[in-house]
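Below: one structure, written as structure tokens.
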Amino acid sequence: MSQVSTLDAPVKPAMNPVYRKRLLMHRVGIALSVAAMALGLAVLVWILFTLVIKGFGALSVDLFTQTTPAPGSEGGGLINAIVGSALMVGLATVVSTPIGILAGIYLAEYGEENKLAQVTRFVTDIMLSAPSIVIGLFVYALYVAHVKHFSGYAGAIALSLIAVPVVVRTTDNMLRLVPNSLLEAAFALGAPRWKVATLVRLRAVKAGVITGVLLALARIAGETAPLLFTALNNQFQSFNMNAPMANLPSVIASFAMSPYDNWRSLAWGGALLITFSVLALNILSRTVFSQKVPN
């Protein structure tokens, strides 16, 4: 009887070979995941540490008050590049925000009803993954080659083409999270569809839409390739958007490869400014404008 009871006894999970194999694979997977995360964080910390050490040494009053220096000269700053970047990024944000939000509303409302919305979503996904240099070449061929000069307007057009898909996708995703019960209640009160879309649905997720706009702003703030083909650069202070305009990404790319120590120091300072600006926008989007979707 004791022998029969021993044979009929259930096998403990720890002694089950299948369980032990799965447990081993689980532990190996966790270990590899932690190792990959540690490697990524180590590289990120290394980059930020180098940027902070070399970038803080270039921060001074002259950096924000003087224009870029001539080759081989001492001193100078990046005020012309800072102003140029602010003008082009600001104009691109003003252009891309309403277009992206309206397109996102259209996709959320009619995305499953007609072919045009499906094609729009497909093109948006392609533009999200398209290299920025391709967009720069597109604007160069479409605009710069016809007007026959580089300009801040061309740079703003290229940056807006990069920002629009981000705003469209974020707005579309956020609007789809609004519960149908909220929309049905608005329709039951006799509200037309356009009012439900703008005054009910969009208002319910306005914080998420603003987050998408900030993320798009952070995306285009450090773009270099499209500006090399559109805005180019300008050594002097200029507010004329219809002429070549200095910008931080182009100045950093130019100064970082120069043989002059002063230029390389200014490049580190500019890189630190862009990094902190993007970091501030990401923190702002994840804290101040964070919002839960209504139930």
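When a 1.4 Å probe is rolled over the protein heavy atoms, the share of accessible surface on the chain that falls to carbon and sulfur comes to 70 percent.
Residue-wise HN-Hα couplings along region 89-97, as the Karplus relation 6.51 cos²θ - 1.76 cosθ + 1.60 with θ = phi - 60° gives them from phi, are 5, x, 5, 4, 5, 4, 6, 7, 5 Hz; Gly and Pro carry x. Which cross-chain or sequence-distant (5 or more) residues have an amide H under 5 Å from the amide H of Asn233, H modelled 1.01 Å from N in plane? So Asn233 has HN proximity to Met245. Exposed loop sites were defined as GluC sites (Glu not before Pro) in DSSP loop states (anything but H, G, I, E or B) carrying at most 11 other C-beta atoms within 10 Å; in the chain the longest segment without such a site runs 114-295. Stretching the chain fully between Arg20 and Ala243 yields a gain of 73.4 nm (0.36 nm per residue, less the alpha carbon separation).
Descending by average beta-carbon neighbour count within 10 Å, the peptides 232-240, 151-159, 92-100 line up as 151-159, 92-100, 232-240, the highest first.
Placing a label point 7 Å from the Cα of Asp261 along the Cα-to-Cβ direction, the residues of region 77-107 with a backbone N closer than 20 Å are 77-78. Restrict the search to region 79-186; then list the trypsin sites (Lys or Arg not before Pro) that DSSP places in a loop and that have at most 12 other Cβ atoms within 10 Å of their Cβ. When the trypsin sites (Lys or Arg not before Pro) of region 79-186 are filtered for loop state and at most 12 Cβ neighbours within 10 Å, Lys148 remain. Note on region 165-289: Kirkwood radius taken over Cα pairs, Stokes-Einstein applied at 20 °C and 1.002 mPa s, translational D equal to 122 µm² s⁻¹.
Specify which labelled value, from (1) 22.8; (2) 19.1; (3) 23.6, agrees with Kirkwood radius over Cα pairs in Å derived from the coordinates of the model shown. Correct label is (1). Extension gain for the segment Leu142 to Ala70, taken as residue separation times 0.36 nm less the Cα-Cα distance, is 22.7 nm to one decimal.
The values are calculated or read from the model by the stated rules, or taken from the named source; none is laboratory data. Note that the coordinates shown come from a computational prediction; the quantities given were computed from them, not determined experimentally. Every residue, glycine among them, receives a Cβ derived from its backbone with ideal geometry; neighbour counts consider all protein chains shown. We work out accessible area using only protein heavy atoms, side chains counted, and drop any ligands, DNA or RNA first. Shrake-Rupley method; radii C 1.70, N 1.55, O 1.52, S 1.80 Å.
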